[in-house]
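Below you'll find the structure, written out as structure tokens, and then a few comments.
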Amino acid sequence: MKTNLLDSIKQTKDGQLADSILRKCVHCGFCNATCPTYQILGDENEGPRGRIYLIKQVLEGAEVSNATRDHLDRCLTCRNCETTCPSGVQYASLLEIGKKHIEESTERPFKEHFVRDALLNTLPYRRRFKFFLRVGRSFSLFLPKALRSKIPAKVAKGKWSRAQHSRRMLVLDGCVQPVLSPDINSATSRVLDKLGITLVNIKKAGCCGAVSQHLNKEKDAQTMMKHNIDAWWPEIEAGAEAIVTTASGCGLMIKDYAQYLQDDPEYAEKARFISTLCKDIAEIIALEDYSALATTAPKTISWHPPCTLQHGQKVTGVVEKILIDCGYQLNPIKDAHLCCGSAGTYSILQPELSSQLGDNKIANLEKDKPEMIVTANIGCQTHLQERTKTPVKHWVHLLLDR
Amino acid sequence: MALNITPSSIVDRDISIELQQQVQSSIDLRSPLLIRGGDSKLFYGRDPVETSNILELKNHTGIINYDPTELVVTVRAGTRLLDLELLLEKNQQILSFEPPMFNQQSTIGGVVAAGISGPRRAFSGSIRDAILGVEMINGDGKIVKFGGEVMKNVAGYDMSRLMVRSMGTLGVILNLSLRVMPKPEKEISLILDATQGEGLAYCKQWRTQHLPLSATSWYRGKLYLRLSGSDITIDAALKKLSQQMSFEFLEDDIFFWQSIRNQQHAFFNKVSKPLWRLSLPINTPVMARFEGDLLLEGGGTQRWVSNNAAEKIIRAVVGRHGGYATLFNGQKHLPGVAPFPILAPELHKLQKNLKRKLDPQNIFNPGRLYRDI
Amino acid sequence: MNSEPESRNNILLALREILPEKYLLTAKEDLKPYECDGMPAYQRIPIAVALPSTIEEVQKIIRACESQRIPVVARGAGTGLSGGALPHEGGIILGLSRFNTIIDIDHENMTMRVQPGVRNLAISEAAAPYGLYYAPDPSSQIACTIGGNVAENAGGVHCLKYGLTVHNILEVKIITVEGDLVTLGSMTLDTPGYDLLALMTGSEGMLGIIVEVVVKLLPRPLATNVLMASFDAVEDAANAVAIVISKGIIPAGLEMMDNLAIKAAEDFANAGYPVDAEAILLCELDGAEEHLAEQVNIVMVALGEANASNVVMANSEQEKAQLWAGRKAAFPAVGRISPDYYCMDGTIPRKRIAEVLVEIKALSEKYGLRVANVFHAGDGNLHPLILFDAGIDGELEKAEHFGGDILELCVKMGGTITGEHGVGFEKLDQMCVQFNPDELTHFHNIKHAFDPYELLNPGKVIPTLHRCAEVGAMHVHNGELPHADIPRF
């Protein structure tokens, strides 16, 4: 596509990247077909092709209002469009650049600011988040109904495997997951124990930085990234094989550290290494002999692949294979490529669309009456659990189900 | 390659200019024209206009282009269907829509204008599916050409298909191009005992079984079916069918299907009653009101009824099943009955507008399709 | 037609009464993404975009526009490649994307009733549980909608055997320019009166607004096989097409790609295409098992006769899908090797493919622009993609001229300027080459029978005689001035 970016933008690194992405787009419209918001709203402005056009306008210097910002805000960044795009347009990178420019040139209403700041100041910080959650649980009767349903039941922590093996891997504990579902990583440690691997949690590491990055707080995000790198580095130097993630959203973020820190003279090299070490738990297990993990109590399962796993990390078919090999029966799921609407903070910032997508997703997942729904990201897990009595769990739990 | 395969029986004669002159003078005089090919379907549709101003197409004949590897033939409208089919036959090809040949003078232009397809139609498509292009004299008296000889062509409106079953009311077809198909290597036909209900049930079951069916018919407790394809395909089909039912091979099958196609079958020979053609959705069940004398074709999509029931009743019953009834033959028994079904008012208006715009002097076969069309 | 602010305000007032605020776009920045369809070379901003979701809303919108003489351009998914959904500056875009409900699957009658905004692929997906599918499969089938397919008479890779959209639909409901709801066609094989269903199919939004479609479904083929033949010379591949057909075989699909297209598609799909072959033919055969084996043998022999350097056969469903994936994504995949491409759509008699490809190559050298050839060889439908960079001054114009030359070449060879993409806005000038003034007048008469004030997608498909007179001045053939009887300015 022909571009004519402002000179002032064209000369920046962002501008050059945006220009090269825009020029790859041939405007075929295939992306709209798999875009969750376009499917619901039917407006070109609410699909990737339209959003690319809107971003192009911004970068070409057209006057923009909140309308453009709202359209971009409504994007889930599920990256389904990137999977669909035959021309190889890196939509998410373009969106980030576009959002940054619009954030600078438009003013958000106070209420939006308040919610976004509140999210920025709690979610990434384990202790603060835990505090609010505890308060929320105690006073849930006083909360508005919409928020009340978002508070999940308390989950037991589960035992962390203490066995010491020569093979060691680090795990990202993150921010929200250890508070909402601390049993996931402890279960992961026991699964890896059976495969002869010790899983190490570095307490000092924290949020991966995704929340801040997606709410356009690049600086904060970078601080968190560097903090994590510093926290992991000694263990990596000591020979840890991988950084395991059990929340695919965080995994994707860490895999992108290399890109986000590429211009940082001090961290670029380390970030690149960290990104190559980062693996989703499925990628780790798939390479091992996991026959010992087969179940003796096979169940019928519905599997929901998070967008960050299938479209972001492009890890597809891996979890399915492991579960089938381990004796589970997987239901065929209609529209499995579509987002469940959780999408990080999206469920809070865009409740209407998010809940419509969530309801559609649950209907498809429950069509064949599964005994359990499994996924690979804490956000999807809580978002789906809000809508069903069927247990929604991280799939690693199934590998301990004997 | 093209012309040396033309049989000598097809005279190569282009009278486009004479025809155009006659049309032009009819336009100038606002004198209605009766367009005539082989007069084989004079009975079909509303009565032709009473006039001595007759446009004879039968001398406008010849093959304009035929290259078997392109699967297309371009022919002058007055060429006899019989001659065209002989030519194709020599090249192992056929017209896949198997149009009726009510007499040997039947012309290919008339075939297109009437738009009646034969037994193969439900399985390999109708004339409108096969037509690729027309050259015609239009209501401005001009010779105009639409479509062409290629399979895919979306330049401009699809005038070629619009000419199919327009009964000559939109202009005079001079030349036309048709898609032709390879002639099946082999054809055999089967016959079995079946009530009408069983016959329809069989047809339904076969629809999804990938059988090389090319015609079915049911008449008086017998179901007839024709299979077309290579030896291997037909053998496989016979094996499949023999697991579902018992059947016999139909002797004289070529004759049988011709008698259906050209309405020489005993069923059609009852001149004492009007003949109705019922067009129905594929899955239409046995229709209780028409259990008397009837003949089914195309898996039940086309049903012929010969009886004296009132027009109103016939149309109402067929309408309830989502279909249409056409009084095919027998206007003399039912004078005043419109042969074609009445259209919804908004649809009729569109059709009338189209006729007015394309034939502003109302000279082409006026009233042949509807009173005002 | 009026495009002054007053008429704009009046129509907006009327539309606001009909549609909720969020489904009536009027802000300039919201309109911008609607300025073009899948053919971004042409751009215009409409007065407004209306996104109705009921037939009643469409009727009210059309009546409002008709009474105020405001042009209406219907739009589905906006994937068209000829600028058919290019807005009219004084008119509105009527977006039908919210009409995306499958109304009824009648597997016993093998039909599906759908709203026009349902995607082509979604139809086959919904039919799959019944062992059925919808045959026409344009390359954009993942995104393009059935309403647009009908408007364009879309084809696809399987239409050699299974036909175009016009062969695979039974009924459509349209809204006329007066706001009437009219049903064209029926659930039976014969519908009384003129075949307006055929006329509507491929009419590019000029005769009515399609609001419902009934498609025919077919049983999924029992077995299919995909062969890929590589050739060291493009001409050999072209001749192979006629040889295969002359054996009495009608393949389900017969597609050809040249080296540049092979490389681009391979880069996206990893289909296993031979990137050093000059051309490949993809041949899909289908039928019952026994019949299939028979056909495969015949085609293998034919390809051998045609000097294929290698033939491979897909051995699994996955391999078949893989071979097709490259072909289906070939157009946009070219976006990987060139910032812009211009896609042509001429059709020629099969036997002239080799000849035409040679001429296209010569033109490519003349204009200094690369061409990737991807096309439906079985039915002679060419899709040369002219590669250019719109960022370089003059390249777009050069590409347009080049494209015009290709289309005129197709007409000269006894073909047509568009096989399946439609005339739209893009090929108006070439319509003057394919049709004479009498024929164009005939088309205008059809248009006026449906739309006397020219409000539905005006200025598309059928050029005015004046336009052709001006074009004629540029394109003088054999020393003759075409349309000498038209006044020139």
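The values are calculated or read from the model by the stated rules, or taken from the named source; none is laboratory data. Just so you know, these numbers come straight off a predicted model, no measurement behind them. Cβ atoms come from the backbone with ideal geometry, glycine included; neighbour counts cover every protein chain shown. Heads up: the accessible areas ignore ligands, DNA and RNA and are worked out on the full protein's heavy atoms, side chains in. Shrake-Rupley method; radii C 1.70, N 1.55, O 1.52, S 1.80 Å.
For a 31 Å ceiling on Cα separation, which of these pairs sit above it: A:LYS56/A:LYS219; A:LYS24/A:LYS204; A:LYS217/A:LYS279; B:LYS58/B:LYS204; A:LYS226/A:LYS334?
Check vs 31 Å cut-off fails for A:LYS24/A:LYS204; B:LYS58/B:LYS204; A:LYS226/A:LYS334.
Taking Cα pairs under 8 Å and at least six residues apart, what relative contact order does segment A:1-59 come out at, in percent?
33
Rounded to the nearest 10 Å², what accessible area does C:THR201 show when all protein chains are kept and the probe is 1.4 Å?
For C:THR201, the solvent-accessible surface is approximately 10 Å².
Modelled label-to-label distance, B:LEU334 and B:ASP193, 7 Å Cα→beta-carbon offset: nm?
3.5
With a Förster radius of 30 Å, plug the Cβ-Cβ distance of C:ASN9 and A:LYS100 into 1/(1 + (r/R0)^6) and report the FRET value to the nearest 0.05.
It comes out at approximately 0.25.
To the nearest 10 degrees, how steep is helix C:353-367 against the longest Cα principal axis of chain C, on a 0 to 90 scale?
So the inclination is approximately 70 degrees.
Ranking request for peptides C:27-38, C:72-83: highest mean number of other beta-carbon atoms within 10 Å first, then the rest in descending order.
With the highest mean Cβ count within 10 Å placed first, the list reads C:72-83, C:27-38.
Are there residues in segment B:312-349 whose accessible area shrinks by at least 30 Å² when all protein chains are included rather than the chain by itself, and which are they (probe 1.4 Å, ligands and nucleic acids not counted)?
Buried-area filter returns B:TYR324, B:GLU346, B:LEU347, B:LYS349.
Need one number: nm distance between label points at A:ALA297 and A:GLN90, each 7 Å from Cα along Cα→Cβ, rounded to one decimal.
Taking the two extended label points, one gets 4.6 nm.
Quickly work out the B:ASN307-to-B:SER25 label distance, labels modelled 7 Å from Cα along the C-beta direction, and quote it in nm with one decimal.
Output for this residue pair reads 5.2 nm.
Which order do B:GLU198, B:GLU291 take by accessible area at a 1.4 Å probe, largest first? Intermediate results must be reported in sequence, preceding the final value.
Numbers: B:GLU198 90, B:GLU291 125 Å².
Ranked list, largest accessible area first: B:GLU291, B:GLU198.
Using helices alone, what [θ] at 222 nm do you get for chain C, with -39,500 (n - 2.57) per DSSP H run of 4 or more residues, divided over all residues and rounded to the nearest 500?
Only helices count here, giving -11000 deg cm²/dmol.
Can you put B:THR169, C:THR183 in order of accessible area, largest first, using a 1.4 Å probe?
C:THR183, B:THR169
Leaving out ligands, DNA and RNA, calculate the buried accessible area for the pair B and C with a 1.4 Å probe, summed over both sides, in Å² to the nearest 100.
Interface between B and C: roughly 6700 Å².
Before anything else, pin down the relative contact order of chain A: Cα pairs under 8 Å, at least 6 apart, normalised by residue count, whole percent.
So the answer I get is 14 percent.
Would you give the gap between the C-alpha center of segment A:88-121 and the C-alpha center of segment C:98-135, rounded to a whole Å?
So the separation of the two Cα centres works out to 39 Å.
List the residues of segment C:64-90 whose accessible area drops by at least 20 Å² when all protein chains are present, compared with their chain alone, using a 1.4 Å probe and counting only protein heavy atoms.
Listed in order, they are C:ARG75, C:ALA77, C:THR79.
How high is the relative contact order of chain B, in percent, counting Cα pairs under 8 Å that sit 6 or more residues apart?
19
In segment A:67-100, whose amide N lies under 16 Å from the spot 7 Å out along Cα-to-Cβ of A:THR12? List them in ranges.
Under 16 Å, as judged by backbone N against the label point of A:THR12, lie A:93-100 of segment A:67-100.
Take each of the peptides A:353-365, B:20-32, A:335-347, C:338-350, average the number of other beta-carbon atoms within 10 Å over its residues, and list them starting from the highest.
C:338-350, A:335-347, A:353-365, B:20-32
In whole Å, what are the extents of chain B along the principal axes defined by its C-alpha atoms, from largest to smallest?
In descending order, the Cα extents are 66, 54, 36 Å.
C:LEU222 to C:GLU365: FRET efficiency via 1/(1 + (r/R0)^6), r the Cβ-Cβ distance, R0 60 Å, to the nearest 0.05?
0.80
Please calculate the 1.4 Å probe accessible area of A:ARG134, with all protein chains present, and give it to the nearest 10 Å².
Surface open to solvent at A:ARG134 totals about 140 Å².
Based on alpha-carbon centroids, what's the gap between segment C:165-226 and segment C:303-344 in Å, whole number please?
Cα centres, segment C:165-226 to segment C:303-344: 31 Å.
Apply 1/(1 + (r/R0)^6) to the Cβ-Cβ distance of A:THR223 and A:GLN356, taking R0 = 22 Å, and write down the FRET efficiency to the nearest 0.05. Write out the running numbers ahead of the final one.
Numbers: r = 35 Å, r/R0 = 1.60.
Given R0 = 22 Å and the Cβ-Cβ separation, E is 0.05.
Among A:PRO124, A:PRO86, A:PRO178, whose mean-square fluctuation peaks in a Gaussian network model of chain A (Cα, cutoff 10 Å)?
Maximum fluctuation in the GNM of chain A, among the listed residues, is at A:PRO86.
Where both residues lie in chain C, what percent of DSSP beta bridges are antiparallel, nearest 5?
Given both bridge residues lie in chain C, the antiparallel proportion sits at roughly 90 percent.
Other chains near C:179-186: what is the mean number of their Cβ atoms within 10 Å of each residue's Cβ?
Other-chain Cβ atoms within 10 Å of each residue's Cβ, averaged: 4.
Work out the mean other chain Cβ neighbour count within 10 Å for the residues of B:64-73 and drop it here as an integer.
Taking the mean over all residues of the peptide, I get 4.
Probe 1.4 Å, all protein chains in place: accessible area of A:THR83 in Å², nearest 10?
Surface open to solvent at A:THR83 totals about 60 Å².
Under 10 Å, Cα contacts only: if you run a Gaussian network model on chain B, which one of B:THR195, B:THR79, B:THR326 comes out with the highest mean-square fluctuation?
Highest fluctuation of the listed residues: B:THR195.
Any chance you could give the angle, 0 to 90 degrees and rounded to 10, that helix B:81-90 forms with the longest Cα principal axis of chain B?
Between the helix axis and the principal axis of chain B, the angle is about 60 degrees.
Charges on Cβ only, +1 for Lys and Arg, -1 for Asp and Glu, centred on the Cα centroid of segment B:186-333; of B:MET287, B:HIS265, B:TYR324, which one is farthest towards the dipole's positive end?
Highest projection toward the positive end goes to B:TYR324.
Can you give the mean number of other chain Cβ atoms that lie within 10 Å of the Cβ atoms in peptide C:31-41? Could you put the intermediate results ahead of the total?
Details: counts 2, 9, 15, 5, 2, 3, 4, 6, 1, 7, 3.
Mean partner shielding for this stretch: 5.
Comparing B:GLY38, B:GLY300, B:GLY197, which has the greatest mean-square fluctuation in the GNM of chain B with Cα pairs linked when under 10 Å apart?
Fluctuation is largest for B:GLY197.
Greater than 18 Å separation of Cα atoms is the criterion. Which listed pairs, B:LYS270/B:LYS332; B:LYS273/B:LYS312; B:LYS183/B:LYS240; C:LYS328/C:LYS361; B:LYS90/B:LYS186, meet it?
Going by Cα-Cα distance, B:LYS183/B:LYS240; C:LYS328/C:LYS361 fall outside the 18 Å limit.
In degrees from 0 to 90, rounded to the nearest 10, what is the angle of the helix B:345-358 Cα long axis to the longest principal axis of chain B?
Helix B:345-358 and the main axis of chain B meet at about 40 degrees.
For the protein assembly as shown, what is the accessible area per residue in Å² when the probe is 1.4 Å?
38
Roughly how many Å is it from the Cα centre of segment B:11-52 to that of segment B:139-207, as a whole number?
23
Ranked highest first by the average count of other Cβ atoms within 10 Å around their residues, in what order do B:139-148, C:159-168 fall?
By packing density, highest mean first, the sequence is C:159-168, B:139-148.
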